[in-house]
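S.K.: Encoded as structure tokens, here's the structure I'll be asking about.
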Amino acid sequence: MALKGTITSEVWTFGTLDLTLQLDVGGNLIAVLLPEEPPESLSREQLWAALTALEACPVASGKTSEETAFRAALSAIPAGRTRTYGEIARELGTSPRAIGSWCASNRLLLRIPCHRVIAATGLSGFRAGLAWKRRLLDLES
């Protein structure tokens, strides 16, 4: 029996990809943890299976209206596409730095696809590292 306020963890495996999911007491997804490095043998099919499974996971609502809008804007970016921090900032009426900060604090990796957000000059940071960002974007394209 889980105690009130307890966070539980589950490991979901998609071929060579193991994702650790953290859930709140209500069963809402609050974090997706990726392995330190992307598996070399990670396939497009394995990634699609993970993305599809995560899409079905309920997430806790955003703490602020800005966070809710940020999540919606990122979730609207189709797989295989990217948008810049500036484009999203203009859409949400904020700054590219604010978008970068939200992306850096996003614990719902893959579910809220911040890996699809890039700088105007190309690839930029990612919470799980640039090797992951490159691999995810390559597999999605």
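The values are calculated or read from the model by the stated rules, or taken from the named source; none is laboratory data. This is a predicted model, so every value here is computed, not measured. Positions of Cβ are backbone-derived with ideal geometry, glycine not excepted, and every protein chain shown enters the neighbour counts. Areas reflect the complete protein model, heavy atoms only, side chains present, ligands, DNA and RNA absent. Shrake-Rupley method; radii C 1.70, N 1.55, O 1.52, S 1.80 Å.
S.K.: Name the GluC sites (Glu not before Pro) in the range 34-72 that are in a loop by DSSP and that have at most 11 other C-beta atoms within 10 Å, would you? Spell out each step's value before the answer.
M.R.: On the way: sites: Glu36, Glu40, Glu45, Glu55, Glu66, Glu67; in loops: Glu36, Glu40.
Filter output for the range 34-72: Glu36, Glu40.
S.K.: While we're here: Report the gain in length on full extension from Ala31 to Ser95: 0.36 nm times residue separation, minus Cα-Cα distance, nm rounded to one decimal. List each step's numbers first, then the result.
M.R.: Values: separation 64, 0.36 × 64 = 23.04 nm, distance 2.50 nm.
Taking 0.36 nm per residue and subtracting the Cα distance, the gain is 20.5 nm.
S.K.: Right, another one. Taking 0.36 nm per residue of separation and subtracting the Cα-Cα distance, what length does fully extending Thr8 through Thr20 add?
M.R.: Value of the extension gain: 3.3 nm.
S.K.: Something else now. Which net charge results when you count Lys and Arg as +1 and Asp and Glu as -1 among the other residues whose beta-carbon is under 13 Å from that of Leu92?
M.R.: Working: positive: Arg71, Arg83, Arg90, Arg97; negative: Glu66, Glu67, Glu87, Glu91.
Here the count lands on 0.
S.K.: Starting from the amide H of Ile118, placed 1.01 Å from N in the peptide plane, find each other amide H under 5 Å away whose residue is 5 or more places distant or on another chain.
M.R.: Under 5 Å from the amide H of Ile118 lie the amide H atoms of Arg83, Thr84, Tyr85, each far enough along the sequence or on another chain.
S.K.: Just the number please: accessible area per residue for the chain, 1.4 Å probe, all protein chains included, in Å².
M.R.: 54
S.K.: Next question. State the extension gain, in nm to one decimal, for the chain segment bounded by Arg81 and Ala119, taking 0.36 nm per residue of separation less the distance between their alpha-carbons.
M.R.: Working: separation 38, 0.36 × 38 = 13.68 nm, distance 1.35 nm.
12.3 nm is the gain from fully extending Arg81 to Ala119.
S.K.: Any chance you could get the radius of gyration and Dmax over the Cα atoms of the chain, in Å?
M.R.: Cα-based Rg and Dmax for the chain come out at 15.1, 50 Å.
S.K.: How many angstrom lie between the Cα centre of the range 109-141 and the Cα centre of the range 46-74?
M.R.: 15
S.K.: Can you compute the helix-only [θ] at 222 nm over the chain? Use -39500 (n - 2.57) per DSSP H run of at least 4 residues, normalise by all residues, nearest 500 deg cm²/dmol.
M.R.: Working: 5 runs with 52 residues, N = 141.
When only DSSP H runs of four or more count, the value is -11000 deg cm²/dmol.
S.K.: For a label point 7 angstrom out from the Cα of Thr64 toward its Cβ, which stretches of the range 96-126 have the backbone nitrogen within less than 17 Å?
M.R.: Hits in the range 96-126 for Thr64 at 17 Å: 96-107.
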